[in-house]
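Enquirer: Dropping the structure in here first, questions after.
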Amino acid sequence: MRDIVVTLVLLAPVFVSSFGCAKTDPPQLPDERSSGLVTVDIDKRDPDRLLRFYFGSYAEQLNSVLVDSDGRYRVDLEALGRSGFSLEDADADGNIDWDELSAFVVETYYQARRIPSTIDSLRTTIGDWHDENWFRISVAGVMTAATRDVYVRRSAILAALRNFESAGTLVYPDSTAFVAEHRGNDGVTEYTVMLKRHDGLWDVAAYGAEGLLADSTLSHPKSYTVPTQCLGCHYGKRLFEPEKSFPGTAPRGPGGERAVLFPTVPVAAGDVALLDEHRRRSDTVLGLYATLFVSSLRARSVDDLSDDELHVLQILDSREGR
Ligand code: HEC
(Lines give C-alpha, C1' and ligand atoms only; values in the text may rest on other atoms or scores of the structure.)
Protein backbone atom coordinates (compact mmCIF):
# COMPACT_ATOMS: atom_id res chain seq x y z
CA MET A 1 0.00 0.00 0.00
CA ARG A 2 2.76 2.37 1.01
CA ASP A 3 4.43 1.71 -2.35
CA ILE A 4 1.30 2.71 -4.20
CA VAL A 5 1.02 5.98 -2.30
CA VAL A 6 4.66 6.80 -3.05
CA THR A 7 4.15 6.02 -6.72
CA LEU A 8 1.10 8.24 -6.92
CA VAL A 9 2.89 11.09 -5.22
CA LEU A 10 5.80 10.74 -7.60
CA LEU A 11 3.52 10.61 -10.61
CA ALA A 12 1.43 13.58 -9.62
CA PRO A 13 3.70 16.23 -11.18
CA VAL A 14 3.93 14.16 -14.37
CA PHE A 15 0.14 14.17 -14.71
CA VAL A 16 -0.03 17.86 -14.06
CA SER A 17 2.61 18.64 -16.66
CA SER A 18 1.55 16.17 -19.32
CA PHE A 19 -2.13 17.02 -19.03
CA GLY A 20 -1.27 20.61 -18.33
CA CYS A 21 -4.18 22.18 -20.14
CA ALA A 22 -5.22 23.97 -16.96
CA LYS A 23 -3.85 27.50 -17.29
CA THR A 24 -1.19 28.11 -14.68
CA ASP A 25 -1.56 31.12 -12.42
CA PRO A 26 0.92 33.96 -12.88
CA PRO A 27 3.98 33.31 -10.72
CA GLN A 28 3.66 34.60 -7.18
CA LEU A 29 6.30 37.16 -6.45
CA PRO A 30 8.25 37.14 -3.24
CA ASP A 31 6.90 39.78 -0.87
CA GLU A 32 10.16 41.61 -0.53
CA ARG A 33 10.15 42.35 -4.28
CA SER A 34 6.63 43.59 -4.63
CA SER A 35 7.30 46.96 -3.00
CA GLY A 36 9.48 48.15 -5.91
CA LEU A 37 7.30 46.68 -8.66
CA VAL A 38 5.36 48.91 -11.01
CA THR A 39 3.68 48.02 -14.29
CA VAL A 40 5.26 48.97 -17.62
CA ASP A 41 2.83 49.78 -20.40
CA ILE A 42 4.57 51.56 -23.26
CA ASP A 43 1.63 51.32 -25.65
CA LYS A 44 3.66 49.83 -28.55
CA ARG A 45 3.09 46.93 -30.87
CA ASP A 46 5.25 43.90 -30.01
CA PRO A 47 6.39 45.32 -26.64
CA ASP A 48 8.14 42.08 -25.67
CA ARG A 49 11.31 42.56 -27.71
CA LEU A 50 11.44 46.29 -27.00
CA LEU A 51 11.24 45.71 -23.26
CA ARG A 52 13.83 42.94 -23.43
CA PHE A 53 16.09 45.34 -25.31
CA TYR A 54 15.56 48.27 -22.96
CA PHE A 55 15.69 46.50 -19.61
CA GLY A 56 18.31 44.03 -20.85
CA SER A 57 20.49 47.09 -21.39
CA TYR A 58 20.74 47.59 -17.63
CA ALA A 59 20.58 44.17 -16.03
CA GLU A 60 22.76 41.15 -16.68
CA GLN A 61 19.81 38.97 -15.62
CA LEU A 62 16.72 40.35 -17.32
CA ASN A 63 14.32 38.56 -14.98
CA SER A 64 15.91 40.25 -12.00
CA VAL A 65 14.30 43.52 -13.11
CA LEU A 66 11.50 42.67 -15.55
CA VAL A 67 8.64 40.36 -14.67
CA ASP A 68 6.39 39.13 -17.45
CA SER A 69 3.21 37.51 -16.24
CA ASP A 70 1.02 36.60 -19.18
CA GLY A 71 2.04 39.59 -21.28
CA ARG A 72 1.64 42.01 -18.39
CA TYR A 73 5.00 43.52 -17.60
CA ARG A 74 6.25 44.84 -14.34
CA VAL A 75 9.59 46.34 -13.51
CA ASP A 76 11.37 46.19 -10.19
CA LEU A 77 12.54 49.79 -9.82
CA GLU A 78 14.61 48.99 -6.73
CA ALA A 79 16.49 46.18 -8.46
CA LEU A 80 17.04 48.42 -11.48
CA GLY A 81 18.30 51.17 -9.17
CA ARG A 82 20.94 48.75 -7.86
CA SER A 83 22.42 48.66 -11.37
CA GLY A 84 23.28 52.31 -10.77
CA PHE A 85 20.53 53.77 -12.97
CA SER A 86 17.31 55.06 -11.46
CA LEU A 87 14.11 54.98 -13.41
CA GLU A 88 11.35 57.00 -11.81
CA ASP A 89 7.64 56.78 -12.08
CA ALA A 90 7.60 60.57 -12.55
CA ASP A 91 3.83 61.04 -12.38
CA ALA A 92 3.52 58.47 -9.56
CA ASP A 93 0.64 56.64 -11.25
CA GLY A 94 2.13 53.19 -10.59
CA ASN A 95 2.94 52.68 -14.28
CA ILE A 96 6.01 53.36 -16.39
CA ASP A 97 4.80 54.76 -19.69
CA TRP A 98 6.72 55.41 -22.89
CA ASP A 99 7.59 59.03 -22.04
CA GLU A 100 9.10 57.98 -18.72
CA LEU A 101 10.98 55.00 -20.15
CA SER A 102 12.32 56.75 -23.26
CA ALA A 103 13.55 59.81 -21.31
CA PHE A 104 15.41 57.50 -18.92
CA VAL A 105 16.91 55.38 -21.72
CA VAL A 106 18.06 58.30 -23.87
CA GLU A 107 19.75 59.79 -20.80
CA THR A 108 21.55 56.66 -19.55
CA TYR A 109 21.87 54.15 -22.41
CA TYR A 110 25.43 54.79 -23.63
CA GLN A 111 26.78 54.78 -20.09
CA ALA A 112 24.87 51.64 -19.10
CA ARG A 113 26.13 49.78 -22.17
CA ARG A 114 29.66 51.13 -21.81
CA ILE A 115 29.71 52.04 -25.50
CA PRO A 116 33.21 53.27 -26.41
CA SER A 117 33.10 57.06 -26.18
CA THR A 118 35.10 57.74 -29.35
CA ILE A 119 35.37 56.10 -32.74
CA ASP A 120 39.08 55.49 -32.02
CA SER A 121 38.30 53.59 -28.84
CA LEU A 122 35.65 51.61 -30.74
CA ARG A 123 38.35 50.71 -33.27
CA THR A 124 40.65 49.56 -30.48
CA THR A 125 37.85 47.39 -29.08
CA ILE A 126 36.58 45.70 -32.24
CA GLY A 127 39.55 45.99 -34.63
CA ASP A 128 40.10 48.13 -37.71
CA TRP A 129 37.18 47.66 -40.11
CA HIS A 130 39.35 48.86 -42.97
CA ASP A 131 41.55 45.79 -42.86
CA GLU A 132 41.12 42.84 -45.20
CA ASN A 133 39.28 40.67 -42.68
CA TRP A 134 36.22 42.87 -43.04
CA PHE A 135 33.67 42.80 -45.84
CA ARG A 136 32.35 46.09 -47.18
CA ILE A 137 29.18 46.96 -48.98
CA SER A 138 28.32 50.48 -50.16
CA VAL A 139 24.73 51.51 -50.42
CA ALA A 140 22.62 54.57 -51.20
CA GLY A 141 19.70 53.72 -48.94
CA VAL A 142 17.06 55.20 -46.65
CA MET A 143 18.91 55.94 -43.43
CA THR A 144 20.84 58.86 -44.83
CA ALA A 145 21.20 60.80 -48.07
CA ALA A 146 24.96 60.12 -47.85
CA THR A 147 26.51 56.99 -49.29
CA ARG A 148 27.02 54.38 -46.59
CA ASP A 149 30.01 52.10 -46.47
CA VAL A 150 29.03 49.28 -44.14
CA TYR A 151 31.65 46.92 -42.73
CA VAL A 152 31.31 43.55 -41.00
CA ARG A 153 33.92 40.86 -40.37
CA ARG A 154 34.03 38.14 -43.02
CA SER A 155 34.21 35.55 -40.22
CA ALA A 156 30.90 36.86 -38.82
CA ILE A 157 29.16 36.42 -42.17
CA LEU A 158 30.64 32.93 -42.53
CA ALA A 159 29.32 32.05 -39.06
CA ALA A 160 25.88 33.48 -39.90
CA LEU A 161 25.82 31.36 -43.06
CA ARG A 162 26.75 28.26 -41.09
CA ASN A 163 23.94 29.07 -38.66
CA PHE A 164 21.65 29.27 -41.67
CA GLU A 165 22.14 25.53 -42.10
CA SER A 166 20.81 24.71 -38.63
CA ALA A 167 18.55 27.67 -37.84
CA GLY A 168 17.19 28.23 -41.35
CA THR A 169 17.94 31.91 -40.92
CA LEU A 170 21.05 34.06 -40.69
CA VAL A 171 22.10 34.55 -37.08
CA TYR A 172 25.28 36.50 -36.40
CA PRO A 173 27.56 35.44 -33.53
CA ASP A 174 27.81 37.39 -30.26
CA SER A 175 30.04 40.45 -30.46
CA THR A 176 29.53 40.89 -34.21
CA ALA A 177 29.98 44.54 -35.12
CA PHE A 178 28.54 46.48 -38.05
CA VAL A 179 30.17 49.84 -38.66
CA ALA A 180 28.62 52.19 -41.21
CA GLU A 181 30.52 55.24 -42.43
CA HIS A 182 28.26 57.87 -43.94
CA ARG A 183 30.22 59.61 -46.70
CA GLY A 184 29.69 63.11 -48.02
CA ASN A 185 31.90 65.04 -50.45
CA ASP A 186 34.36 65.88 -47.67
CA GLY A 187 34.76 62.40 -46.21
CA VAL A 188 32.94 60.70 -43.31
CA THR A 189 30.17 62.87 -41.89
CA GLU A 190 29.07 60.40 -39.19
CA TYR A 191 29.20 56.76 -38.18
CA THR A 192 26.41 54.42 -37.12
CA VAL A 193 27.14 51.15 -35.40
CA MET A 194 25.44 47.94 -34.25
CA LEU A 195 27.13 45.63 -31.73
CA LYS A 196 25.67 42.22 -30.97
CA ARG A 197 25.03 41.60 -27.28
CA HIS A 198 25.01 38.35 -25.37
CA ASP A 199 21.20 38.36 -25.18
CA GLY A 200 20.98 38.15 -28.97
CA LEU A 201 19.86 41.78 -29.44
CA TRP A 202 22.03 44.59 -30.82
CA ASP A 203 23.35 47.72 -29.20
CA VAL A 204 23.25 50.77 -31.43
CA ALA A 205 25.39 53.90 -31.48
CA ALA A 206 26.15 56.98 -33.53
CA TYR A 207 29.37 59.00 -33.70
CA GLY A 208 29.80 62.45 -35.24
CA ALA A 209 32.39 63.43 -37.85
CA GLU A 210 34.91 64.21 -35.07
CA GLY A 211 34.48 60.70 -33.76
CA LEU A 212 32.57 61.49 -30.55
CA LEU A 213 29.43 59.64 -29.45
CA ALA A 214 26.32 61.48 -30.62
CA ASP A 215 22.81 61.38 -29.12
CA SER A 216 21.24 61.30 -32.58
CA THR A 217 22.12 61.08 -36.25
CA LEU A 218 22.41 64.07 -38.59
CA SER A 219 19.21 65.30 -40.18
CA HIS A 220 19.82 64.10 -43.73
CA PRO A 221 16.98 63.54 -44.36
CA LYS A 222 15.86 62.86 -40.80
CA SER A 223 17.61 62.77 -37.45
CA TYR A 224 17.14 59.62 -35.35
CA THR A 225 17.64 59.54 -31.59
CA VAL A 226 19.76 56.68 -30.20
CA PRO A 227 18.61 54.11 -29.29
CA THR A 228 14.86 54.76 -29.23
CA GLN A 229 14.42 55.72 -32.90
CA CYS A 230 16.84 53.12 -34.25
CA LEU A 231 14.66 50.17 -33.47
CA GLY A 232 11.50 50.99 -35.43
CA CYS A 233 12.84 50.14 -38.90
CA HIS A 234 15.14 47.36 -37.73
CA TYR A 235 12.43 45.59 -35.67
CA GLY A 236 9.55 46.38 -38.01
CA LYS A 237 8.30 44.67 -41.15
CA ARG A 238 8.48 47.51 -43.64
CA LEU A 239 10.67 46.89 -46.71
CA PHE A 240 13.16 49.51 -47.85
CA GLU A 241 14.92 50.35 -51.09
CA PRO A 242 17.24 49.37 -52.62
CA GLU A 243 17.10 46.05 -50.72
CA LYS A 244 13.43 45.52 -51.54
CA SER A 245 13.98 45.55 -55.34
CA PHE A 246 17.42 43.92 -55.27
CA PRO A 247 18.83 42.64 -57.62
CA GLY A 248 16.39 44.67 -59.72
CA THR A 249 16.74 48.44 -60.02
CA ALA A 250 15.16 50.41 -57.20
CA PRO A 251 13.03 53.50 -57.88
CA ARG A 252 14.71 56.82 -57.01
CA GLY A 253 14.04 58.19 -53.54
CA PRO A 254 13.46 61.86 -52.58
CA GLY A 255 17.21 62.24 -51.93
CA GLY A 256 18.27 60.64 -55.25
CA GLU A 257 19.34 57.23 -56.45
CA ARG A 258 18.82 54.16 -54.25
CA ALA A 259 21.20 51.36 -55.10
CA VAL A 260 23.73 48.87 -53.88
CA LEU A 261 26.93 50.49 -55.19
CA PHE A 262 29.52 47.93 -54.09
CA PRO A 263 30.40 45.12 -54.61
CA THR A 264 29.20 44.98 -58.17
CA VAL A 265 29.16 41.22 -58.60
CA PRO A 266 26.67 39.08 -60.47
CA VAL A 267 24.20 37.55 -58.03
CA ALA A 268 22.55 34.17 -58.41
CA ALA A 269 18.75 34.30 -58.24
CA GLY A 270 18.82 31.06 -56.20
CA ASP A 271 20.96 32.67 -53.46
CA VAL A 272 18.79 35.79 -53.32
CA ALA A 273 15.63 33.71 -52.99
CA LEU A 274 17.06 31.24 -50.48
CA LEU A 275 18.60 33.79 -48.13
CA ASP A 276 15.82 36.37 -48.69
CA GLU A 277 17.85 38.48 -46.36
CA HIS A 278 16.05 41.83 -46.19
CA ARG A 279 12.49 40.53 -46.24
CA ARG A 280 13.14 38.03 -43.47
CA ARG A 281 14.73 40.63 -41.23
CA SER A 282 17.39 38.04 -40.44
CA ASP A 283 18.61 38.95 -36.96
CA THR A 284 17.10 42.46 -37.45
CA VAL A 285 19.95 43.19 -39.87
CA LEU A 286 18.66 44.96 -42.97
CA GLY A 287 21.51 45.02 -45.50
CA LEU A 288 22.40 42.28 -47.96
CA TYR A 289 25.75 41.17 -46.52
CA ALA A 290 25.39 37.39 -46.84
CA THR A 291 23.89 37.61 -50.34
CA LEU A 292 26.68 39.87 -51.60
CA PHE A 293 29.37 37.94 -49.73
CA VAL A 294 28.27 34.65 -51.27
CA SER A 295 28.08 36.31 -54.69
CA SER A 296 31.64 37.58 -54.22
CA LEU A 297 32.81 34.06 -53.35
CA ARG A 298 31.09 32.62 -56.41
CA ALA A 299 32.85 35.22 -58.56
CA ARG A 300 36.25 33.89 -57.41
CA SER A 301 38.05 30.81 -58.62
CA VAL A 302 37.35 27.75 -56.46
CA ASP A 303 41.12 27.23 -55.93
CA ASP A 304 41.18 30.60 -54.29
CA LEU A 305 38.61 29.80 -51.60
CA SER A 306 39.35 28.68 -48.05
CA ASP A 307 37.78 25.50 -46.64
CA ASP A 308 35.31 27.60 -44.61
CA GLU A 309 34.27 29.50 -47.70
CA LEU A 310 33.83 26.33 -49.74
CA HIS A 311 31.80 24.83 -46.92
CA VAL A 312 29.22 27.63 -46.90
CA LEU A 313 28.87 27.45 -50.68
CA GLN A 314 28.20 23.73 -50.32
CA ILE A 315 25.54 24.44 -47.68
CA LEU A 316 23.76 26.83 -50.04
CA ASP A 317 24.14 24.55 -53.06
CA SER A 318 22.63 21.62 -51.23
CA ARG A 319 19.74 23.75 -49.93
CA GLU A 320 19.14 25.00 -53.46
CA GLY A 321 19.26 21.43 -54.78
CA ARG A 322 22.19 22.15 -57.06
C1 HEC B 1 14.19 54.63 -41.74
C2 HEC B 1 14.51 53.30 -41.27
C3 HEC B 1 15.76 53.15 -40.42
C4 HEC B 1 16.05 53.78 -39.24
C5 HEC B 1 15.22 54.76 -38.45
C6 HEC B 1 17.36 53.28 -38.84
N7 HEC B 1 17.83 52.37 -39.75
FE8 HEC B 1 19.64 51.45 -39.71
N9 HEC B 1 19.25 50.60 -41.50
C10 HEC B 1 18.09 50.75 -42.26
C11 HEC B 1 18.23 50.06 -43.52
C12 HEC B 1 17.18 49.95 -44.60
C13 HEC B 1 19.52 49.49 -43.52
C14 HEC B 1 20.18 48.67 -44.63
C15 HEC B 1 20.61 49.57 -45.77
C16 HEC B 1 21.62 50.58 -45.43
O17 HEC B 1 22.71 50.22 -44.95
O18 HEC B 1 21.36 51.77 -45.65
C19 HEC B 1 20.12 49.84 -42.23
C20 HEC B 1 21.37 49.42 -41.83
C21 HEC B 1 21.97 49.74 -40.63
C22 HEC B 1 23.28 49.27 -40.21
C23 HEC B 1 24.13 48.23 -40.93
C24 HEC B 1 23.64 46.83 -40.49
C25 HEC B 1 22.32 46.45 -41.16
O26 HEC B 1 21.32 46.23 -40.44
O27 HEC B 1 22.28 46.40 -42.39
C28 HEC B 1 23.56 49.89 -39.02
C29 HEC B 1 24.82 49.74 -38.21
C30 HEC B 1 22.42 50.72 -38.69
N31 HEC B 1 21.47 50.61 -39.69
C32 HEC B 1 22.34 51.48 -37.54
C33 HEC B 1 21.25 52.29 -37.24
C34 HEC B 1 21.23 53.19 -36.11
C35 HEC B 1 22.35 53.38 -35.10
C36 HEC B 1 20.02 53.83 -36.14
C37 HEC B 1 19.51 54.92 -35.24
C38 HEC B 1 20.35 56.09 -35.13
C39 HEC B 1 19.29 53.32 -37.31
N40 HEC B 1 20.07 52.37 -37.94
C41 HEC B 1 18.02 53.72 -37.70
C42 HEC B 1 16.96 51.44 -41.85
C43 HEC B 1 16.88 52.26 -40.75
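Enquirer: In region 204-223, which residues are without any contact (Cβ under 8 Å) to a residue 60 or more places away in the chain and assigned to a loop (DSSP other than H, G, I, E, B)?
Expert: The initial filter retains those residues of region 204-223 that are without any contact (Cβ under 8 Å) to a residue 60 or more places away in the chain, namely 204, 206, 208-210, 214, 216, 219, 222-223.
Passing the criteria: ALA209, GLU210, ALA214, SER219, LYS222, SER223.
Enquirer: Looking only at region 209-235, which residues are more than 7 Å from the ligand (Cβ to nearest atom), surrounded by fewer than 13 Cβ atoms within 10 Å (Cβ to Cβ) and either within 18 Å of the chain's Cα centre (by Cα) or modelled with pLDDT of 95 or more (or both)?
Expert: GLU210, LEU212
Enquirer: Look through GLU60, GLU100, GLU88, GLU107 and report the one residue that is crowded, with 17+ Cβ neighbours inside 10 Å and free of Cβ contacts under 8 Å to residues at least 24 places away in the same chain. Before the answer, list the steps.
Expert: Details: GLU60 fails: crowded, with 17+ Cβ neighbours inside 10 Å; GLU88 fails: crowded, with 17+ Cβ neighbours inside 10 Å; GLU107 fails: crowded, with 17+ Cβ neighbours inside 10 Å.
Result of the check over GLU60, GLU100, GLU88, GLU107: GLU100.
Enquirer: Tell me which residues, restricted to region 130-163, are more than 23 Å from ASP215 (Cβ to Cβ), out of contact with any helix residue (DSSP H, G or I) (no Cβ under 7 Å at 6 or more places or on another chain) and of a type in the set (A, V, I, L, M, F, W, C).
Expert: Answer for region 130-163, where residues must be more than 23 Å from ASP215 (Cβ to Cβ), out of contact with any helix residue (DSSP H, G or I) (no Cβ under 7 Å at 6 or more places or on another chain) and of a type in the set (A, V, I, L, M, F, W, C): VAL139, ALA140, ALA156, ALA159.
Enquirer: Suppose we keep only residues that are within 14 Å of the ligand (Cβ to nearest atom) and among the charged types (D, E, K, R) within region 160-196. Which one would you say is farthest from VAL272 (Cα to Cα)?
Expert: GLU190
Enquirer: Also, quick follow-up: Name, by its number, the condition in (1) under 19 Å from the mean Cα position of the chain (by Cα); (2) within 30 Å of ILE315 (Cα to Cα); (3) crowded, with 20+ Cβ neighbours inside 10 Å that does not hold for ALA206.
Expert: Exception for ALA206: condition (2).
Enquirer: Go through region 148-179 residue by residue and tally those that are in contact with a Gly (Cβ under 9 Å, 6 or more places away or on another chain) and buried (at least 18 other Cβ atoms within 10 Å of the Cβ).
Expert: First, pick out the residues of region 148-179 that are in contact with a Gly (Cβ under 9 Å, 6 or more places away or on another chain): 148, 150, 152-153, 171, 174, 177-178.
From the residues that got through so far, the ones that are buried (at least 18 other Cβ atoms within 10 Å of the Cβ) too are 148, 150, 152-153, 171, 177-178.
The qualifying residues number 7.
Enquirer: Would you mention how many residues in region 236-282 are of a type in the set (Val, Ile, Thr), surrounded by fewer than 15 Cβ atoms within 10 Å (Cβ to Cβ) and under 23 Å from the mean Cα position of the chain (by Cα)?
Expert: Residues in region 236-282 being of a type in the set (Val, Ile, Thr), surrounded by fewer than 15 Cβ atoms within 10 Å (Cβ to Cβ) and under 23 Å from the mean Cα position of the chain (by Cα): 0 in total.
Enquirer: Please go through region 42-62 and give me each residue that is closer than 11 Å to VAL75 by Cβ and under 17 Å from the mean Cα position of the chain (by Cα), ordered by number.
Expert: Passing the criteria: LEU51, TYR54, PHE55, TYR58, LEU62.
Enquirer: If you go through region 237-253 one residue at a time, how many are free of Cβ contacts under 8 Å to residues at least 24 places away in the same chain and either within 12 Å of the ligand (Cβ to nearest atom) or in contact with a Gly (Cβ under 6 Å, 6 or more places away or on another chain) (or both)?
Expert: First, the residues of region 237-253 that are free of Cβ contacts under 8 Å to residues at least 24 places away in the same chain: 238, 245, 248-252.
Remaining after also requiring either within 12 Å of the ligand (Cβ to nearest atom) or in contact with a Gly (Cβ under 6 Å, 6 or more places away or on another chain) (or both): 238, 250.
Result for region 237-253: 2.
The values are calculated or read from the model by the stated rules, or taken from the named source; none is laboratory data. This one's a predicted model, so the numbers in the text were calculated from it and none came from an experiment. Quick reminder, even Gly has a Cβ in these numbers, built from the backbone with ideal geometry, and neighbours come from all protein chains shown.
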